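Only one structure is covered here, and it is reproduced in the block below.
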Amino acid sequence: RHSAPSEYVVANIADQTVTVMRDGDEDLRLRTVVGTRRHATPMIEATLTAVTLNPPWNIPTSITTREILPKLDADPTYLE
């Protein structure tokens, strides 16, 4: 039988939230970004040693070339 530790984090992909649990109570709930069927969110179980909230993020080149540029070619106002 598996028991949860006193502190843990749950990512609810369907609800697009991340919840921090402490001693069985919800301590913090945040909205989060999740993947799509094409770009699925990975499922993991791991011990956390650090958490970064609101990290800086730049669009990766692969997303720019495969997803953004074709939409921009089709609609020059896409980024507006």
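The values are calculated or read from the model by the stated rules, or taken from the named source; none is laboratory data. For clarity, every value in this text was computed on a predicted model and none was experimentally measured. Methodologically, a virtual Cβ is constructed for each residue, glycine included, from the backbone with ideal geometry; neighbour enumeration extends over all protein chains shown. Surface areas here come from the heavy atoms of the whole protein model, side chains and all, with no ligands, DNA or RNA. Shrake-Rupley method; radii C 1.70, N 1.55, O 1.52, S 1.80 Å.
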*Ratio of Rg to Rh for the chain, alpha carbon only, Kirkwood?*
1.10
*Taking a probe of 1.4 Å, how large is the accessible area per residue of the chain, in Å²?*
94
*Considering the dipole of the chain built from charges on the beta carbon (Lys and Arg +1, Asp and Glu -1) around the Cα centre, which of GLN16, HIS39, ASN58 is farthest to its positive end?*
HIS39
*asked:* Suppose the chain between GLU7 and LYS71 were pulled fully straight at 0.36 nm per residue; how much longer would it get relative to their current alpha carbon spacing?
replied: 18.8 nm
*Where the accessible area of the chain is counted over protein heavy atoms with a 1.4 Å probe, how much of it, in %, is carbon and sulfur?*
53
_Per-residue [θ]222 nm for the chain (sum of -39500 (n - 2.57) over DSSP H runs n ≥ 4, rounded to 500)_ = -1500 deg cm²/dmol
